[in-house]
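To keep things clear, I will list the structure first and then write my remarks on it.
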Amino acid sequence: MDKAVSEQIQKFIRNIEQVVFGKHDVVKMCVTGLLARGHILIEDVPGIGKTTIAQSIARSMDCSFSRIQFTSDMLPSDIIGVSILNQHTNEFEFRKGPVFAHVLLADEVNRTPPKTQSALLEAMSEYQVTVDGVAHPLPAPFIVLATQNPIEYEGTYVLPESQLDRFTMRVEVGYPPAEDEMRIIRRRDPLKAIHDLQPVLNTAELVALQDRVGEVLVDESVAEYLLAIVRATREHEQVQLGASPRGALAFYEACQAFALVEGRDYVTPGDVKQMAAPVLSHRLLIKTRGADLSMAARERVRVVHDIIKSIEVPL
């Protein structure tokens with residue numbers, strides 16, 4: 001593998017970690033999602049650093065950035081834009097919304113109703129939005145970094161399956177180790193650190209890295225192993241709805257991206273195991289009893305791990 005590519009990726013990760021302490025694996029997963037041309041859902045309890053991670057990633061790239069703070073009274077037009085009558089020309093003009101950016105931070109995305117959440121569906125899958133029958137292309141690359149609190153929290157809505165399927169991966173943050181939490185409280189406010197971050201990638205360099213992902217070799221036996229895991233999600237007795245073909249493609253590309261982040265130009269079965277839960281678990285619809293949705297989330301991850309154990313690893 002080209003050493004310069006590996007150094008560029010590691011420099012990107014280290015730059016983010018100037019602000020995000022004690023979360024190397026989380027940062028690495030997020031960078032993997034970016035290189036796979038994917039959208040990332042960062043989920044955990046309030047105050048854990050979800051927005052800080054998303055902002056640090058965006059600040060580390062020299063590209064256009066928009067942030068939307070999702071609320072219960074938000075409308076789709078607040079995201080994609082609206083057509084306004086120009087009184088001088090007597091014609092409607094389209095005023096672009098915040099979705100027209102290279103990086104969109106959808107903060108607390110599950111605090112807005114499903115109707116408004118659906119405004120992102122076309123943007124996330126087709127990289128365009130349609131208003132009054134006219135398609136408006138989004139900038140390239142276009143990346144959604146979404147944060148959400150656990151769905152039992154007051155004022156939250158369940159993301160529809162169609163939207164969850166458009167996120168390449170779901171990442172949980174977790175609490176930091178004690179020594180890193182000490183660094184956090186001594187720093188007090190991360191806003192200055194985020195503001196002081198200098199970009200280390202421009203859009204052309206990011207697109208070039210994304211193109212390199214497609215060159216990462218996936219042996220036939222590894223591809224069959226990956227697909228066997230995907231197909232097993234559709235046949236598991238506890239799964240009502242398994243991973244879609246779009247999920248299989250995201251899984252394949254995420255494994256390639258993870259290998260590139262690890263400094264390799266080929267995918268190993270270990271990469272497949274590593275990426276299975278982050279890419280597949282949120283796409284599964286589990287046959288749950290009762291309304292404990294956080295338990296359902298843990299159950300989805302457990303199902304993926306059970307499937308991995310049940311499938312023979314290629315040599």
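Since every read-out is calculated from the coordinates, none of them should be taken as a lab result. Computed from a predicted structure; not experimentally measured. Every residue, glycine among them, receives a Cβ derived from its backbone with ideal geometry; neighbour counts consider all protein chains shown.
Check region 59-75 and report whether any residue there is out of contact with any Phe, Trp or Tyr (no Cβ under 7 Å at 6 or more places or on another chain) and within 19 Å of residue 261 (Cα to Cα). Quick ask: steps written out before the conclusion?
Looking only at region 59-75, we keep the residues that are out of contact with any Phe, Trp or Tyr (no Cβ under 7 Å at 6 or more places or on another chain), and these are 59, 61-75.
Those still in the list that are within 19 Å of residue 261 (Cα to Cα) too: 61.
So far as region 59-75 goes, yes, one or more of its residues are out of contact with any Phe, Trp or Tyr (no Cβ under 7 Å at 6 or more places or on another chain) and within 19 Å of residue 261 (Cα to Cα).
Looking at 254, 243, can you tell me which residue is within 20 Å of the chain's Cα centre (by Cα) and within 28 Å of residue 52 (Cβ to Cβ)? Even if it seems obvious, please write down each step before you answer.
Numbers: 243 fails: within 28 Å of residue 52 (Cβ to Cβ).
Exactly one of 254, 243 is within 20 Å of the chain's Cα centre (by Cα) and within 28 Å of residue 52 (Cβ to Cβ), namely 254.
Would you say residue 105 is surrounded by fewer than 19 Cβ atoms within 10 Å (Cβ to Cβ), among the aliphatic types (A, V, I, L, M) and in contact with a helix residue (DSSP H, G or I) (Cβ under 8 Å, 6 or more places away or on another chain)? Lay out the reasoning, then the answer.
Numbers: surrounded by fewer than 19 Cβ atoms within 10 Å (Cβ to Cβ): no; among the aliphatic types (A, V, I, L, M): yes; in contact with a helix residue (DSSP H, G or I) (Cβ under 8 Å, 6 or more places away or on another chain): yes.
It is false that residue 105 is surrounded by fewer than 19 Cβ atoms within 10 Å (Cβ to Cβ), among the aliphatic types (A, V, I, L, M) and in contact with a helix residue (DSSP H, G or I) (Cβ under 8 Å, 6 or more places away or on another chain).
Before we move on, is residue 50 under 20 Å from residue 158 (Cα atoms) and in contact (Cβ under 8 Å) with a residue 60 or more places away in the chain?
For residue 50, the condition - under 20 Å from residue 158 (Cα atoms) and in contact (Cβ under 8 Å) with a residue 60 or more places away in the chain - is met.
Being hydrophobic (A, V, I, L, M, F, W, C) and outside any helix (DSSP H, G or I) is the filter; apply it to region 184-222 and report the residue that is surrounded by the fewest Cβ atoms within 10 Å (Cβ to Cβ).
Of everything passing the filter in region 184-222, 217 is surrounded by the fewest Cβ atoms within 10 Å (Cβ to Cβ).
Check off (1) farther than 25 Å from residue 63 by Cα; (2) buried (at least 16 other Cβ atoms within 10 Å of the Cβ); (3) touching a Leu at 6+ places or on another chain (Cβ under 6 Å) for residue 240 and give me the number that stays unchecked.
Going through the list (1) farther than 25 Å from residue 63 by Cα; (2) buried (at least 16 other Cβ atoms within 10 Å of the Cβ); (3) touching a Leu at 6+ places or on another chain (Cβ under 6 Å), residue 240 breaks only (2).
What are the pairs with Cβ atoms under 6 angstrom where one residue, in region 18-33, is in contact (Cβ under 8 Å) with a residue 60 or more places away in the chain and the other, located anywhere, is part of a loop (DSSP other than H, G, I, E, B) and crowded, with 21+ Cβ neighbours inside 10 Å? Sequence gap at least six, or different chains.
Once the first residue is in contact (Cβ under 8 Å) with a residue 60 or more places away in the chain and sits in region 18-33, its partners that are part of a loop (DSSP other than H, G, I, E, B) and crowded, with 21+ Cβ neighbours inside 10 Å give 33/168.
Take the residues of region 40-86 that are touching a Cys at 6+ places or on another chain (Cβ under 7 Å) and not in a strand (DSSP E or B): which is surrounded by the most Cβ atoms within 10 Å (Cβ to Cβ)?
If we filter region 40-86 for residues that are touching a Cys at 6+ places or on another chain (Cβ under 7 Å), which is where we start, we get 40, 53, 57.
Imposing the further condition that a residue be not in a strand (DSSP E or B) reduces the set to 53, 57.
On the way: 53: 24, 57: 28.
Filtering first and then ranking leaves 57.
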